[in-house]
Amino acid sequence: MQKLIYAAGLVCLAMSLALIVTMGTDKKLAQIGARRVPERRLFLMALLFGAPGGLLGMYFFRHKTKHWYFVVGFWALTAVQLGALAWLAYRYV
């Protein structure tokens, strides 16, 4: 079970890093007026255990912070995902 928990943590870390990069890329594309990363893709990456990175990327790049559904959604997903990882670690490690 410990290997599964470590794997879940690594997936969360990898998806978070991917979402940080994607948020930065989308911000750059917005600044130059190019075709953007769809919001649906950003939320999908957050849903697939990347929400902590999306939250960090959102505030680091100051991107999507005026959209209430991103702020609320990313905070909620981050709380659920980190809470689930913490509970698994507490329960099985």
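Give the total of Lys-Lys pairs in the chain with Cα-Cα distances below 20 Å; include a pair only if its members are 8 or more places apart or on different chains. Show your work: numbers first, answer last.
Values: 27/64; 27/66; 28/64; 28/66.
So the count of such lysine pairs works out to 4.
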Seminar exercise, completed: With the 1.4 Å probe rolled over protein heavy atoms, the chain has an accessible area per residue in Å² of 67 Å²
Problem set entry | Cβ-derived FRET efficiency at R0 30 Å, residue 93 paired with residue 44, nearest 0.05 | 0.55
For this session: Order these peptides, 16-24, 83-91, by their mean beta-carbon neighbour count within 10 angstrom, highest first.
Result: 16-24, 83-91
Problem set entry | Carbon/sulfur fraction of accessible area - the chain, other protein chains in place, 1.4 Å, % | 70 percent
Exercise. Working out 0.36 nm times the residue gap between residue 1 and residue 34, then minus their Cα-Cα distance, what length gain in nm do you get to one decimal?
Worked result: 7.4 nm
For this session: List, in order, the whole-Hz ³J(HN,Hα) value for each residue of the range 9-20 obtained from phi through the Karplus relation with A = 6.51, B = -1.76, C = 1.60 and θ = phi - 60°; use x for Gly and Pro.
Result: x, 5, 5, 4, 5, 5, 5, 5, 4, 4, 6, 4
Exercise. With contacts defined as alpha carbon pairs under 8 Å and 6 or more residues apart, what's the relative contact order of the chain in percent?
Worked result: 34 percent
For this session: Taking Cα extents along the principal axes in Å as the quantity of interest, determine which of (1) 48, 22, 20; (2) 35, 26, 19; (3) 64, 20, 17 was computed from the displayed structure.
Result: (1)
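What number, rounded to the nearest 500 deg cm²/dmol, is the helix-based mean residue ellipticity at 222 nm of the chain, given -39500 (n - 2.57) per DSSP H run of at least four residues and division by all its residues?
-26500 deg cm²/dmol
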Problem set entry | Qualifying trypsin sites (Lys or Arg not before Pro) in the range 1-77, DSSP loop, other Cβ atoms within 10 Å at most 12 | 35, 62, 66
Exercise. In the range 1-41, which residues have a backbone nitrogen under 17 Å from the label point lying 7 Å from residue 67's Cα in the Cα-to-Cβ direction?
Worked result: 19-41
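The values are calculated or read from the model by the stated rules, or taken from the named source; none is laboratory data. This one's a predicted model, so the numbers in the text were calculated from it and none came from an experiment. Note that we place each Cβ from the backbone using ideal geometry, even for glycine, and neighbour counts take in every protein chain shown. For accessibility, only protein heavy atoms count, side chains too; no ligands or nucleic acids. Shrake-Rupley method; radii C 1.70, N 1.55, O 1.52, S 1.80 Å.
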